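Everything below concerns the one structure shown next.
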Amino acid sequence: MVIFTDPFMGIYDKCVRENTARKYYEEVAERLKEGEKSETWGYLFRSVRALSEVLAIKFELGVLTRRYYRAGEKAALASLAEKDYTLLLARLEKFYEAYEKFWMTEKKPHGFDVQDARLGGLIRRVKHCRDRLLAYVRGESESIPELEEEILNPFGLEKPEGIAYNYYNALYTVNPT
């Protein structure tokens, strides 16, 4: 679910357990390296490893962005934008390439247009959010309205709790289509 959530809208950020994901997904990615050597199945391991590398950054990105913004920590926001958002963009491109290889090996090409739209849209949105953060820290904009909104837990839970939810339209935006 986390891969497609918007870093500014924070729809599921109240479900995120902080300070757990980055280390976990980095360790997963490291463990998957060995499998990439397989001539038969290496493409599968590359795809999952690339996804793990994305999630290592993306999982808590919205939470950190909102925290730094609301605390007025412009230096931390600048660092987050320049480092994490930029690294996330590179990792998303790497994941896209690995996932495309997986898809074209395991499935018919039909349907990959949906992945193009989803991942392409995600890449564009992450870039847009990064650019808006940088404009804000440079004083080119006075605020980022999305980050000023109070975030509620969509499931009514009092504390973060792992959930399994995989409905793209409800993951990506709080705005009805």
Need one number: nm distance between label points at I3 and I151, each 7 Å from Cα along Cα→Cβ, rounded to one decimal. 2.0 nm
May I ask you to derive the FRET efficiency for L134 and M104 from their Cβ-Cβ distance with R0 = 41 Å, giving the value to the nearest 0.05? 0.70
Which of the peptides 137-149, 24-36 is most tightly packed, and how do the rest follow, judged by the mean count of other Cβ atoms within 10 Å per residue? 24-36, 137-149
Burial ranking of peptide ranges 59-66, 102-109 (average Cβ count within 10 Å, highest at the top): 59-66, 102-109
Please enumerate, by chain and number, the lysines with C-alpha under 30 Å from the C-alpha of K74, excluding those fewer than 8 residues away in the same chain. K14, K23, K58, K83, K94, K127, K159
By how many nm would the segment from V28 to R118 grow when fully extended, if each residue of separation counts as 0.36 nm and the alpha-carbon distance is taken off? 30.0 nm
Estimated Rh, the chain: Kirkwood, alpha-carbon pairs, angstrom: 17.2 Å
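Coordinate-derived values only; no laboratory data. Since this is a predicted model, take the numbers as computed values, not measurements. Counting neighbours? That spans all protein chains shown, and the Cβs are built from the backbone with ideal geometry, glycine included.
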